[in-house]
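Colleague: Below are the structure tokens for one structure; questions will follow.
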Amino acid sequence: MSPPQHRGASRRRRRAAVLPASSRDPERAAPPLTVITGTVLDASPHLLILSASRQDGPAPGEIEIRLAMGDGTTVRHGGRGGLAALRPGRSVVVRLGEARLSADRIWVDISRVTGTIVACRGATVEVDMGPHRGRTHVVIPPHAFERVLVRHPRLEPGYLIDLICVRSPDGPRAVRPGTSQPGYRPDDLAPPDVAAPVPDVLRGTATWFAGAGGGTPDGAAYPAVDSEGDAGGCADAPSGCVPFPYLSLGSDITVRNECTGRATSVPVVECGCVAARYCDRCVECDTSPRGRIVELTPAAFVGLGGELDTGCFNAAVRTGAPLAMPGGAVSGGAVSW
């Protein structure tokens with residue numbers, strides 16, 4: 001068996017060969033992929049028809065979108081799915097391929113429950129998802145129970161939980177844990193040193209949250225929205241384990257996926273105070289620094305190359321003016337990361 005350092009060097013070489021050049025160069029950023037969210041109207045082996053909301057243009061409202069599908073299209077519905085999962089009425093998140101000619105990956109009825117356990121009754125867990133998201137009941141079916149217990153061995157009131165789910169008529173049903181770290185009590189979290197400087201670029205974990213912050217397809221929930229005045233923050237928000245600069249709702253942040261090199265600018269549409277309670281790491285490509293620094297809407301997360309069923313990617317976040325080009329893409333030139 002080769003020494004550990006040789007195996008690590010081999011992994012880095014393989015990663016350098018597979019990932020795009022922009023992901024290996026910290027001074028460059030690639031634009032996001034095209035993502036469409038909507039409701040299934042009809043599906044065949046070669047065509048997906050959606051009803052989607054149009055937010056801009058002369059006539060905002062529902063429009064019909066037709067997307068080609070091929071042998072390379074992957075459908076996810078609580079695991080690997082197929083054409084049968086694309087039933088009319090189900091919600092989908094669709095990522096197009098690089099050429100934007102066909103659907104590359106489709107997530108069907110995917111959801112997420114993140115927060116503090118309030119009560120457990122058999123296979124049903126009541127979760128407090130924070131002041132902006134309220135409470136919900138999530139069912140952990142037998143086939144997912146052992147997998148969930150690996151990351152959440154203490155399904156008891158007061159412990160944090162994070163679950164990737166699928167929607168059902170009875171509410172969200174757990175598929176897998178949404179974190180690579182065991183759950184703990186929020187009051188076990190040690191706050192950052194008050195003397196620690198706030199960095200220009202935050203580094204840590206990016207996750208996604210169910211819902212689209214007031215109807216905005218591309219947006220972010222930020223863990224440190226100021227609670228003063230009309231900024232929109234939570235008065236009792238925890239400080240988290242990362243020293244954050246305070247922002248207001250509507251502020252622009254630029255998020256870069258450190259695994260794919262893709263970046264985009266998004267507005268802060270919600271106070272993500274629940275994310276501040278998590279001091280875990282993402283291990284999507286490398287091991288990220290501790291702390292969740294942003295939660296993205298599903299469209300924004302997928303556009304940066306994130307996999308919704310994986311749940312996170314290693315991220316860098318910079319506050320300030322957006323780096324926009326015509327069409328909403330981020331410049332692929334020099335970026336101060």
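Colleague: Under 8 Å for C-alpha pairs, at least 6 residues apart: give me the relative contact order for region 35-108, rounded to a whole percent.
Modeller: Details: 160 pairs, mean separation 25.4, N = 74.
Reported relative contact order: 34 percent.
Colleague: Give, in nm to one decimal, the length gained when the segment between residue 126 and residue 63 is fully stretched (0.36 nm per residue of separation minus the Cα-Cα distance).
Modeller: 19.1 nm
Colleague: Okay, moving on. If amide hydrogens are placed 1.01 Å from N in the peptide plane, which non-local residues have theirs closer than 5 Å to the one on residue 111?
Modeller: Residues meeting the criterion, in which the H sits 1.01 Å from N, are 165, 166, 167.
Colleague: Counting only DSSP beta bridges with both residues in region 111-186, what percent are antiparallel, rounded to the nearest 5?
Modeller: On the way: 20 of 21 bridges.
Bridges in region 111-186 are about 95 percent antiparallel.
Colleague: Between residue 49 and residue 119, with labels modelled 7 Å along Cα→Cβ, what's the label distance in nm to one decimal, could you check?
Modeller: If labels sit at residue 49 and residue 119, their model points lie 4.5 nm apart.
Colleague: If you don't mind, another one. Can you say what percent of the DSSP beta bridges in region 189-319, counting only those with both residues inside, are antiparallel? Round to 5.
Modeller: If we restrict to bridges inside region 189-319, about 70 percent are antiparallel.
Colleague: Ranked highest first by average number of other Cβ atoms within 10 Å, how do 283-292, 306-315 line up?
Modeller: Those peptides, ordered most packed to least, come out 306-315, 283-292.
Colleague: Determine, from the Cβ-Cβ distance of residue 101 and residue 74 and an R0 of 25 Å, the FRET efficiency 1/(1 + (r/R0)^6), rounded to the nearest 0.05.
Modeller: 0.95
Colleague: Let me ask another. Provide the per residue accessible area, probe 1.4 Å, for region 55-157, rounded to a whole number of square angstrom.
Modeller: Accessible area per residue, region 55-157: 55 Å².
Colleague: While we're on this one: Can you work out the Karplus-derived ³J(HN,Hα) for every residue in region 245-254? Use 6.51 cos²θ - 1.76 cosθ + 1.60 with θ = phi - 60°, whole Hz, and x for glycine or proline.
Modeller: Along region 245-254, the couplings run x, 6, 10, 10, 4, x, 5, 9, 10, 10 Hz.
Colleague: How large is the direction-averaged shadow of the alpha-carbon convex hull of region 35-108, in nm²?
Modeller: That works out to 4.8 nm², a quarter of the Cα hull's surface.
Colleague: Continuing with the same structure: Relative contact order for region 68-168: what percent, with Cα pairs under 8 Å and sequence separation of 6 or more?
Modeller: 26
Colleague: Equivalent ellipsoid semi-axes for region 198-318, as square roots of 5 times the alpha carbon gyration tensor eigenvalues: give them largest first, rounded to whole Å.
Modeller: 20, 16, 12
The values are calculated or read from the model by the stated rules, or taken from the named source; none is laboratory data. Given the structure is predicted, the values throughout are model-derived calculations rather than measurements. Using ideal geometry, Cβ is built from the backbone for each residue, glycine included, and neighbour counts are taken over all protein chains shown. Ligands, DNA and RNA are excluded from the accessible area calculation, which covers all protein heavy atoms including side chains. Shrake-Rupley method; radii C 1.70, N 1.55, O 1.52, S 1.80 Å.
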